[in-house]
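Right, one structure below, let's go through it.
The values are calculated or read from the model by the stated rules, or taken from the named source; none is laboratory data. No experiment lies behind these values; they were computed from the predicted model shown. Cβ: placed from backbone, ideal geometry, glycine included. Neighbour counts: every protein chain shown. Only protein heavy atoms, including side chains, enter the accessible area calculation; ligands, DNA and RNA are left aside. Shrake-Rupley method; radii C 1.70, N 1.55, O 1.52, S 1.80 Å.
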Amino acid sequence: MSNSRKVLFIDSQHPRLQKDLEAAGFSCDMQYEWDRAKIASELPNYIGIVIRSRIKLDKELISKGTNLKFIARAGAGMENIDVAYAHTVGIHCLHAPEGNRDAVGEHAIGMLLSLFNNICRANNEVRNGIWIREGNRGVELQGKTVGIIGYGNMGSAFAKRLQGFGVAVLAYDKYKKDFSDEYTKEASLAEIFQEADVLSIHVPLTDETHYMINGSFLGKFRKNIYVINTARGKVVKTNDLVECMKKGKILGACLDVLEYEALSFEGLDKDKLPEPFQYLIESDKVVLTPHIAGWTYESHEKIVAILAEKILACTSH
């Protein structure tokens, strides 16, 4: 088959993606073990490449794909792709945040309720024969103000799921205007600093957002707050977050992502686990999960179904 219909998969995906593409006449080549050099040498043979996070597609590697029409990432974040360069050479960069936004919204709610009600700690205590009620008295979400930074797929899904809890939801998005809806009120950062009891972060990782949530940012909140991060670890400067926790400025944190994750998100960078991380794992005011907020059985399939539609749309002309 000519390379006009060949697609290279370098990361494993839900089998539906291969099935949908092959039904549309594409040939799918599964090469999960190829290293960067092998991918570079073979890339001219493909119209598209499907990835998750194993290999970083920078300008040097993308430039080898002289016949590429698309790069498709099965997920939401695009920080491991040089999107700007790809666009300059006419390559479509596709992702599927619509596919895991529901999972992220639900996970953020679950983490927050677990933190507020001491569920993780109480669960461990009961399993060890310890029965403490007063020491595990919880905090209600009702009546709180939740501030959302970034009102795209993830931020809006979280706001939608907050309905019914009796909270006020304020959202700030630097790149959107007039987005108030039945779930949230558009707000300035100043309003969120003034009113929020809970801060939830839903921005992509870019040069602009790297360490955006630092000591200076957190210090602007009028109240002592709780922080939720289901976005990217390096949006939050962990050392500053921990210092704010020690001072009582941050009352607790729900962290599905950490700046210490490896590029592939498949593990922690074991050589870079400093003191702030030790503080997090020892604190019962922190709920930690291993980058699974968008990682459900349902999202696994929804992501590739949406990705297949986008691939077919961008190659149909």
Roughly how many debye, to the nearest 20, is the charge dipole of the chain about its Cα centre, given +1 on each Lys and Arg Cβ, -1 on each Asp and Glu Cβ, and no other charges?
-> 180 debye
Counting only protein chains, not ligands or nucleic acids, how are K144, K302 ordered by accessible area (probe 1.4 Å), most first?
-> K302, K144
Each label sits 7 Å from Cα toward the beta-carbon; between S283 and E191 the label points are separated, in nm, by 2.9 nm
Highest mean packing first, using Cβ neighbours within 10 angstrom, the peptides 229-237, 191-199, 306-314 sort as 229-237, 191-199, 306-314
Would you mind telling me which residue in M154, M30, M111 has the biggest mean-square fluctuation in a Gaussian network model of the chain, where springs connect alpha carbons within a distance under 10 angstrom?
-> M30
Selection from L268, C120, S27 lying farthest towards where the dipole of the chain points positive, charges on Cβ = C120
Could you give the semi-axes, largest first, of the ellipsoid that matches region 60-145, computed as the square roots of 5 times the alpha carbon gyration tensor eigenvalues and rounded to whole Å?
-> 47, 15, 9
May I ask for the equivalent-ellipsoid semi-axes of region 128-285, computed as the square root of five times each C-alpha gyration tensor eigenvalue and listed largest first in whole Å?
-> 25, 22, 15
Per-residue ellipticity at 222 nm for the chain, helices alone: DSSP H runs ≥ 4 residues times -39500 (n - 2.57), over residue total, nearest 500 deg cm²/dmol?
-> -10000 deg cm²/dmol
May I ask you to list the lysines whose Cα is less than 22 Å away from that of K174, ignoring any residue fewer than eight positions away on the same chain?
-> K160, K185, K220, K234, K237
How large, in percent, is the carbon and sulfur part of the accessible surface of the chain at a probe radius of 1.4 Å?
-> 51 percent
Check: region 1-123 dipole with +1 on Lys, Arg Cβ and -1 on Asp, Glu Cβ, in debye = 80 debye
Please list the non-local residues whose amide H lies under 5 Å from the amide H of V139, H modeled 1.01 Å from N, same-chain partners needing a gap of 5 or more.
-> N117
Give the whole-number value, in cubic angstrom per residue, of the convex hull volume spanned by the C-alpha atoms of region 98-207.
-> 134 Å³
